[in-house]
1. Taking the stretch 194-238, which residues are of a type in the set (Val, Ile, Thr) and either assigned to a strand (DSSP E or B) or away from the ligand (no atom under 11 Å from the Cβ) (or both)?
2. Between 81, 90, which is of a type in the set (Phe, Trp, Tyr) and either within 14 Å of the ligand (Cβ to nearest atom) or farther than 17 Å from residue 203 by Cα (or both)?
3. Give me the pairs, please: first residue somewhere in the stretch 312-329 and of a type outside the set (Phe, Trp, Tyr), second residue anywhere and in a loop (DSSP other than H, G, I, E, B) and surrounded by 14 or more Cβ atoms within 10 Å (Cβ to Cβ), beta-carbon distance under 6 Å, and either six or more positions apart or on two chains.
4. Of the residues 341, 319, which is at pLDDT 95 or above, under 26 Å from the mean Cα position of the chain (by Cα) and surrounded by fewer than 16 Cβ atoms within 10 Å (Cβ to Cβ)?
5. If you check residue 401 against the conditions, is it more than 23 Å from residue 16 (Cβ to Cβ), part of a helix (DSSP H, G or I) and among the β-branched types (Val, Ile, Thr)?
6. Among (1) outside any loop (DSSP other than H, G, I, E, B); (2) within 16 Å of the ligand (Cβ to nearest atom); (3) not small (Gly, Ala, Ser), there is one condition residue 153 misses while meeting the rest; what is its number?
Amino acid sequence: MRVRTRIAPSPTGHPHVGTLYMALFNSIFAAHYGGDFLLRIEDTDQTRSRPEFEESIYESLRWIGLTWQEGPDVGGPFGPYRQSERTDIYRKHCADLLRAGKAYKCFTTAEELEEIRLVSQKTGQKIGYDRRHRNLTEEEINAFESAGRPFVLRLKVPLSGDVEFTDRIKGKISVPCKDVDDQVLLKSDAFPTYHLANVVDDHEMQITHVIRGDEWISSTPKHILLYQAFGWKPPEFLHMPLLLGPDGKKLSKRKNPTSAFYYKQSGFLPEAFRNFLTLMGYSMTGDREIYSLEEIIAEFDPKRIGISGAVFDIKKLEWLNQQYLIRLIPEEELWPRIREWGFNDTFMKRLMPLVRTRIRTFGDFFELCDFFFTSHLPWTKELLLPKDTSEKMVVSILQCILWGLEENEKWDRTAIEEVSQTVAKVFDVNHKKIVIPILFAVFMGKHQGPPLYDSFVLLGEHITRARLLQSIQFLGGVSNTFQAELKKSWDARLGLLVK
Ligand code: GLU
């Protein structure tokens, strides 16, 4: 049997470091056994999927030196590799299940579902849907259909027994079927759910090993039930330990920079970053920490994959990166690499218009622009807090700027300026009060810098976001309760008065 692994990211945002982490292990696993590693784009969420995010996935994977044998961009014998182009395949398989009496049409309305949810919450039921349309008669189905009532297709999950599988990392998992929902397979727009499309594709693409993050383990019983309903042999499962933040909880975008591009733009070496990611889930013999991709591929042993989550420790990453710089990057390569990272012509061509009228000598250049190239900003409370403004106020402003920027589809001057104007309006403060903390948080407190919004654009969303986040944390952070309150008011764009 030829080993085939895959990653199946959804192009709904810029790639998370977790995507690179999973891609690495899938690629290492396949290469070790002489198999294939493929890339499938799971873009069934029509409202959130974007072609530019798909591009970012490719770019980030290439950055750490990964290649894939099959995928939407390179083709292959099991295509198409984009789920939105495979809807006929899912519908055909669903029709088979319906015919075999293993799935049913469910006409329950959104209001009814909400009622059911509230009741099951009260009674502590594990399943969210009470299976009320599981046994409709032919006449009832016809009546709903002729009334034009929309429906979803659900799987008839067995009512008794257990669903079991053995995860190669976690061991045997068993869940009583009565606790598993009659999952939706096709939505009312006839688009597949994640569960259906994922299982059909893994089967059709002959995936032998599903290696994915621990967060998907709760979906796996549903997948096993689907394999059983189709009469297909499930692949083997390996659920990898999660990447954890410094607080020991799942690495989250709300608290840590999680975008792969943040690390690229911060100036980490791709080979060091790749090495670091493998350390998160795996230990080499002899506790070696510095090794090449070829070495881990050659020596790979799934038994050495960790069981518990690994802390994504930036200090460790910095240390490792430095080791690469000292030991593995020859001196003559240093300047070309730094130039390629931050001093390349493309970037400089964009920066020059922002500086040309603001420097007296070339010597002024760095004073003006150092914040584009530094990793650590020397924040102080004095700098971050404008006069008569409380810490809570500044934190709230920065947090709302962050949300505003996140909601933005575009990363351009007008859109960014609009966000800061909106924040000023919502807080009912002079726009200067908004701009000062931003200046200090993102641009190291330069009163005489290049133009603010153009600099934002050039610095890019990943670094800007991370700096806002880090300065919020520097000021003591936001408690979960306060953050929830603030978010509600921000979403409603209520006038926010924070003392
Ligand atoms: N589309 C899922 C994701 O975004 C795939 C999970 C899996 O590997 O099954 O990660």
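The values are calculated or read from the model by the stated rules, or taken from the named source; none is laboratory data. Everything numeric in this text was worked out from a predicted model, so none of it was measured. Glycine gets a Cβ as well: all are built from the backbone with ideal geometry, and neighbour counts include every protein chain shown.
1. Within the stretch 194-238, the first condition is being of a type in the set (Val, Ile, Thr), and the residues that meet it are 199-200, 207-208, 210-211, 217, 220, 224.
200, 208, 210, 211, 224, listed by residue number.
2. 81
3. Partner pairs satisfying both residue conditions: 321/268; 321/269; 323/290.
4. Numbers: 341 fails: surrounded by fewer than 16 Cβ atoms within 10 Å (Cβ to Cβ).
Among 341, 319, only 319 is at pLDDT 95 or above, under 26 Å from the mean Cα position of the chain (by Cα) and surrounded by fewer than 16 Cβ atoms within 10 Å (Cβ to Cβ).
5. Details: more than 23 Å from residue 16 (Cβ to Cβ): no; part of a helix (DSSP H, G or I): yes; among the β-branched types (Val, Ile, Thr): yes.
Considered against the rule, which asks whether it is more than 23 Å from residue 16 (Cβ to Cβ), part of a helix (DSSP H, G or I) and among the β-branched types (Val, Ile, Thr), residue 401 comes out as no.
6. Residue 153 satisfies every listed condition except (2).
Let's see how each residue does on (1) free of Cβ contacts under 8 Å to residues at least 60 places away in the same chain; (2) crowded, with 21+ Cβ neighbours inside 10 Å:
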residue: 33; (1), (2): yes, no
residue: 36; (1), (2): yes, yes
residue: 39; (1), (2): yes, yes
residue: 43; (1), (2): yes, yes
residue: 60; (1), (2): no, yes
residue: 63; (1), (2): no, no
residue: 67; (1), (2): yes, no
residue: 71; (1), (2): yes, yes
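One line per residue, one yes/no per condition, for (1) in contact with a Pro (Cβ under 9 Å, 6 or more places away or on another chain); (2) modelled with pLDDT of 90 or more; (3) not basic (Lys, Arg):
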residue: 376; (1), (2), (3): no, no, yes
residue: 392; (1), (2), (3): no, no, no
residue: 396; (1), (2), (3): no, yes, yes
residue: 403; (1), (2), (3): no, yes, yes
residue: 409; (1), (2), (3): no, no, yes
residue: 412; (1), (2), (3): no, no, yes
residue: 426; (1), (2), (3): no, no, yes
